[in-house]
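Structure first, commentary second.
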Amino acid sequence: MSRLDNYRSDDDITKKQLEEFDTLVDDGVISISDSDSEPEQTSNTREPKAPASTLPYPDGTVRLTRIVDSPAIDTMTLSDLVQKHTVKKALVTTFVLDIDWLLAHFNKQTKIVIVAHYNPKVETPGVYQMDGGRVTIIRPDYSGLQRPIMHSKLMLLFYPGYVRFVASSANLFSVDWTVLQNILFIQDFPLLEQETQGVVKSRFGSELKGALRDLSVPEQVVGLMDQVDFRKAKAHIITSVPSKLDNNRKHSGKYGVARLHEVCKKIKDKLDPLETTSWFNSTLYCYGSSMGKLTFTYLRDFYLCALGTTHMEYRRHKGLDTLPSVLAQNVNVGFHTQDQGNQNRFGSVPRECIKFHSAYYFDENYASSRLHKITPSVDKTLVHAKAVLARYGESGSKGWMYLGSHNFTPGAWGYASLLDQSVRIRFLNNFEFGIVLTDVCFESMFGRDSVLWNGAKVSLPFKLKWEPYGQMDLPCMNME
């Protein structure tokens, strides 16, 4: 697995990036075009709208990737997700790409657009085609960025009559779908009737189109979103874009933790007085497979954003100052221990995918007291999912959850400046994509905790009870 050997963390300058893109395509097959070129002419023929009753996931569902030799309950393989015999078109985004493995999950007639990470030192941004134009690979613009990472993991799968939306933590290579625990959110949306295409608008559709444009997706692909009825969308999109890009400079309040603040403020503002009191006592459970430079100040600021509040409002509600060492106690950071990494039953390959640079942990400012040991839902495996769970209410029975590509790092979520009435991003390093689900319920029955959303059980890659690190515990580190 040489493609992972030199990847340490999304807060590091990567010495060597993934395998060069040129090894993934056949000589003489690639053609290069400018992403700003005129869109191709497309047929006016539209697929008929699928009745809601025929959509496999009309209300949305959370699933896990399926570990080999594990039960199929609430889990999914990439083949299950794609349904290669019926999928017509696909757009996917990924950090790690095994193109041969990916294409084996689609039929030879499916047109596929892939947005992938690349090494800007030896490769250039643009739109590249292979296999006679059936496969298009997009390299986003990294102009002016020192250590760019295109880390988002999004899928849009087009079927007769509907589109499948998928936000996940899984890269597009076999390890992430067979021996690591990853998490998926899936919702199917019907196509609009032709006379209403481009007329019916939705919050979700607008957010999704913006996210695609941030990834340099051509307008002819972005325009396909106008054919989809997103009005029953259940999720709130959260993206990150590197802070030196024009979009982030102009709209630094809509990415990363600033976007999280916006979503959570809307939740908070709808609560009654009793719920609001509880909201300001929320506890966060934050997990990622790559760990960043977490200080108490960073955890304090992330916590305030997750409350949708500011320093001033928090002081008014709580009558307490927003001291970093105090508010950080409400943030539990989950990460595998060194023993868990070494004892996982699939050996060194998944172990290499869990990233914690030792210099972070041994830094005197690192918030090591907030580290917690998680228990994977499948014994002796490692969790590559990225998730944030927020709990408030009586016994922490209410809350929300985030899932997607954001690891719990400043490079993914950004450093926030909390102003009197809003939040602005001071720095963001990565392209990321994820979603927030609201109105989540946490229940405990017969000694077992469970999460419910939209009336159904939510599958999590870890158990809800987290234990603080013991004196002898060390995180699963990359010793360098």
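The values are calculated or read from the model by the stated rules, or taken from the named source; none is laboratory data. Computed from a predicted model, the values in this text were never measured in an experiment. No Cβ is skipped: glycine too gets one built from the backbone with ideal geometry, and neighbour counts run over all protein chains shown. Areas reflect the complete protein model, heavy atoms only, side chains present, ligands, DNA and RNA absent. Shrake-Rupley method; radii C 1.70, N 1.55, O 1.52, S 1.80 Å.
Structure above, values below:
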{"item": "Cut-off 18 Å, label 7 Å out along Cα→Cβ of Arg231, residues of the stretch 141-177 by amide N", "result": "162-163"}
{"item": "Residue among Ile354, Asn330, Ser290 farthest towards the positive dipole end of the stretch 281-391, charges placed on Cβ", "result": "Asn330"}
{"item": "Positive minus negative residues near Lys380 (Lys, Arg vs Asp, Glu; Cβ under 15 Å)", "result": "+1"}
{"item": "Protein accessible area in the stretch 79-158, 1.4 Å probe - carbon and sulfur %", "result": "48 percent"}
{"item": "Accessible surface of the stretch 357-425, 1.4 Å probe, proportion on carbon and sulfur as whole %", "result": "41 percent"}
{"item": "Relative frequency of Cα-Cα separations exceeding 22 Å in the stretch 296-393, percent", "result": "43 percent"}
{"item": "Helix-only CD estimate at 222 nm, as mean residue ellipticity for the chain, using -39500 (n - 2.57) per DSSP H run (n ≥ 4)", "result": "-5000 deg cm²/dmol"}
{"item": "Net charge, Cys476 excluded, C-beta distance under 12 Å - Lys, Arg +1, Asp, Glu -1", "result": "0"}
{"item": "Three-way shape label, the stretch 342-422, alpha-carbon gyration tensor, a/c 1.5", "result": "oblate"}
{"item": "Partner lysines for Lys268 [C-alpha distance under 23 Å; skip if fewer than 8 residues away on the same chain]", "result": "Lys232, Lys234, Lys254, Lys318, Lys398"}
{"item": "Ellipsoid semi-axes in whole angstrom, largest first, where each is sqrt(5λ) of the Cα gyration tensor of the chain", "result": "34, 26, 23"}
{"item": "Evaluated at q = 0.17, 0.27 Å⁻¹: base-10 log I(q)/I(0), Debye formula over Cα of the stretch 228-293", "result": "-0.90, -1.14"}
{"item": "Ratio Rg/Rh [Cα only; Rh per Kirkwood] for the stretch 379-437", "result": "1.06"}
{"item": "Rounded if a/c under 1.5, otherwise prolate or oblate - the stretch 114-164, Cα gyration tensor axes", "result": "oblate"}
{"item": "Relative pair counts by distance (%), Cα atoms of the stretch 381-480, 5 Å bins", "result": "2, 9, 15, 18, 18, 16, 13, 6, 2, 0"}
{"item": "Label-point separation in nm, Asn107 to Met472, each point 7 Å along Cα→Cβ", "result": "5.7 nm"}
{"item": "If the convex hull is drawn through the Cα atoms of the stretch 242-376, its volume per residue in Å³", "result": "147 Å³"}
{"item": "Acute angle (nearest 10 degrees) that the helix 296-306 long axis makes with the longest principal axis of the chain, alpha-carbon atoms", "result": "60 degrees"}
{"item": "Rounded to 10°, Cα long-axis angle of helix 203-214 versus longest principal axis of the chain", "result": "70 degrees"}
{"item": "Per residue accessible area of the chain, 1.4 Å probe, in Å²", "result": "43 Å²"}
